[in-house]
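The values are calculated or read from the model by the stated rules, or taken from the named source; none is laboratory data. Fair warning: this is a prediction, and the values are worked out from it, not measured in the lab. Every residue, glycine as well, gets a Cβ built from its backbone with ideal geometry; the counts of neighbours run over all protein chains shown.
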Amino acid sequence: MNPEALVLLLLPALGSIYFMIGGGIPLIAEQGAGAAFWTARDNLPAFQNKYSQRLQRANENFKETLPHAVSLLLLVQFLGLNNEISAAGGWIYFGARVVYIPIYFFGIPLIRSFVWAISVAGLVMVSWPIIGAL
């Protein structure tokens, strides 16, 4: 299995972590298990805890970048253009998204923006062979 395919395989696991820490766990912590499991979740109040709010925003940010990552990783595979640059870019994106969670949780703004930029740079690296083939 090539590196880009492995990153694609790991992204749903990372997405599940983001989903749990960005929604499920804070919801249970603030509203209780009943609100999380036994209601339709209509009209739930916004998270009040700043850490819950941060995790929710980190989850939203991940969901904004995920379609781009998946599209580029699939496209580089489909076109047979995967190489060392696209592989490194996939791992850089993945690693930056892993590091993003605790940095956002602890509220380190400048570093958070830097890590986000690194993840975007990883996506640019994944797209580099595609751009070169145009």
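Close Cβ contacts (under 9 Å, 6 or more residues apart or on different chains) running from residues in region 30-54 that are under 27 Å from residue 100 (Cβ atoms) and loosely packed, with under 14 Cβ neighbours inside 10 Å to residues that are of a type in the set (A, V, I, L, M, F, W, C) and at pLDDT below 85 comprise 41/35; 44/35. Region 17-134 holds helices (runs of 4 or more DSSP H) entirely within its bounds, and those carrying 2 or more residues that are of a type in the set (Asp, Glu) map to 50-78.
Mind listing just one residue for me: the one in region 97-121 that is free of Cβ contacts under 8 Å to residues at least 40 places away in the same chain and under 20 Å from residue 10 (Cβ atoms) and, of those, surrounded by the fewest Cβ atoms within 10 Å (Cβ to Cβ)? Going through the qualifying residues, I end up with 102. Looking at residue 58, is it within 19 Å of residue 5 (Cα to Cα) and surrounded by 13 or more Cβ atoms within 10 Å (Cβ to Cβ)? When the stated conditions are applied, residue 58 does not pass them. Whenever a residue of region 67-82 is loosely packed, with under 15 Cβ neighbours inside 10 Å, its partners that are assigned to a helix (DSSP H, G or I) and among the small types (Gly, Ala, Ser), lying with C-beta atoms within less than 8 angstrom and at least six residues away or across chains, give the pairs 79/133. Exactly one residue out of 109, 67, 45 is of a type outside the set (A, V, I, L, M, F, W, C) and within 19 Å of residue 123 (Cα to Cα): that is 67.
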